[in-house]
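J.: First the structure, then my questions, so here it is.
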Amino acid sequence: MPRYKLILEYDGSAFVGWQRQMNGPSVQAAVEAAISRFAGHPVTVIGAGRTDAGVHAAGQVAHVDLNRPWSTATIRAATNFHLKPAAVAVLAAAEAASAFHARFSASARMYRYRILNRAAPPVLDRGRVWWLPKPLDTDAMAAAARLLVGRHDFSAFRAALCQARSPVKTLDALAVRRVGDEIWLEVRARSFLHNQVRIIAGTLREVGEGRVVPERVAAALASGRRDLAGPTAPASGLCLMEVRYPQPDGEPASVQPAGDRADDQAHDDIEDDDADRHKA
């Protein structure tokens, strides 16, 4: 069976999350139904990140096996046709090796958390940002963020129901930058604990408002106590921007489907290397 990789974009507010569930519409189920309609047989679509309800994606990567070869242009066009009016789209499709696995082959995932930091509430970006009208100190937030980079026990920064076997994760990068009225928190790692990115965002918010000093973040990290970290930020501000995979030479790179580079662009994922779940 030929395997194909897909790059997907979706508005997470319309779904209960990536994973197929009984209690509402999921991105996975919508994409599977759309592909099954034109392929003529049931399919299973595997995503790189199992984003939570309300979490968006600009560069989710998935793979699917089909019973016969299809052109990548047809896969993209036909899937998008059958997805309408769902708030999800296939940006690109490419042939993939049989050994390629959207989740297990990934070397890095990058999420962006958007904070709208202005007096006026969001209108055009409602449901896509966390509105915080009180001015935030981005220098203090950046100082606190630097304390979280590297390999640590992130017990203080995971959900109570997190199923990861180990709380130890490695954050390759965590940047804080102001872009106009917004503050972007951009984090990159191979995998994340459940709600890890959103708890980091909630903690950095407290630092930015002056409620706690950056050193308090290091203390929370060292303690392993969830109550010493900040609250879990809303899902609406989080977006999976990019997923990276190793190239043959071993260097990680963004997925670049042939013929669709212009369309290319990484939940809150239970990103856990050991458990069969993925949320940030």
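The values are calculated or read from the model by the stated rules, or taken from the named source; none is laboratory data. Not measured: the values here are computed from a predicted model. Positions of Cβ are backbone-derived with ideal geometry, glycine not excepted, and every protein chain shown enters the neighbour counts.
Conditions tested, residue by residue: (1) under 15 Å from the mean Cα position of the chain (by Cα); (2) of a type in the set (Lys, Arg); (3) not assigned by TED's automatic domain parsing to the domain that holds Val212.
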site	(1), (2), (3)
Ala34	no, no, yes
Ala48	yes, no, yes
Gly59	yes, no, yes
Ile75	no, no, yes
Lys84	no, yes, yes
Val90	no, no, yes
Ile115	no, no, no
Pro121	no, no, no
Ala145	no, no, no
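J.: All but one of (1) modelled with pLDDT under 95; (2) surrounded by 22 or more Cβ atoms within 10 Å (Cβ to Cβ); (3) over 30 Å from Trp130 (Cβ atoms) hold for Val64; state the number of the condition that does not hold.
T.: Val64 satisfies all of (1) modelled with pLDDT under 95; (2) surrounded by 22 or more Cβ atoms within 10 Å (Cβ to Cβ); (3) over 30 Å from Trp130 (Cβ atoms) except (1).
J.: Which of the residues that make up the range 149-165 are farther than 8 Å from Leu221 by Cα and surrounded by fewer than 19 Cβ atoms within 10 Å (Cβ to Cβ)?
T.: Val149, Gly150, Arg151, Ala160, Leu161, Gln163, Arg165 - these are the residues of the range 149-165 that are farther than 8 Å from Leu221 by Cα and surrounded by fewer than 19 Cβ atoms within 10 Å (Cβ to Cβ).
J.: Something else now. How about the range 1-40: which of its residues are in a loop (DSSP other than H, G, I, E, B), of a type outside the set (A, V, I, L, M, F, W, C) and in contact with a Leu (Cβ under 8 Å, 6 or more places away or on another chain)?
T.: Pro2
J.: Quick one: is Arg118 at pLDDT below 95, out of contact with any Ser or Thr (no Cβ under 9 Å at 6 or more places or on another chain) and in a loop (DSSP other than H, G, I, E, B)?
T.: no
J.: Taking the range 78-123 only, how many residues are among the aliphatic types (A, V, I, L, M) and over 30 Å from Asp137 (Cβ atoms)?
T.: 16
J.: Out of all the residues in the range 166-198, which are of a type in the set (Gly, Ala, Ser) and surrounded by 14 or more Cβ atoms within 10 Å (Cβ to Cβ)?
T.: Across the range 166-198, the qualifying residues are Ala175, Ala189, Ser191.
J.: Considering only residues that are out of contact with any Asp or Glu (no Cβ under 9 Å at 6 or more places or on another chain) and modelled with pLDDT of 95 or more, look in the range 159-178 and name the one that is nearest to Pro231 (Cα to Cα).
T.: Ranking the qualifying residues of the range 159-178, first place goes to Leu171.
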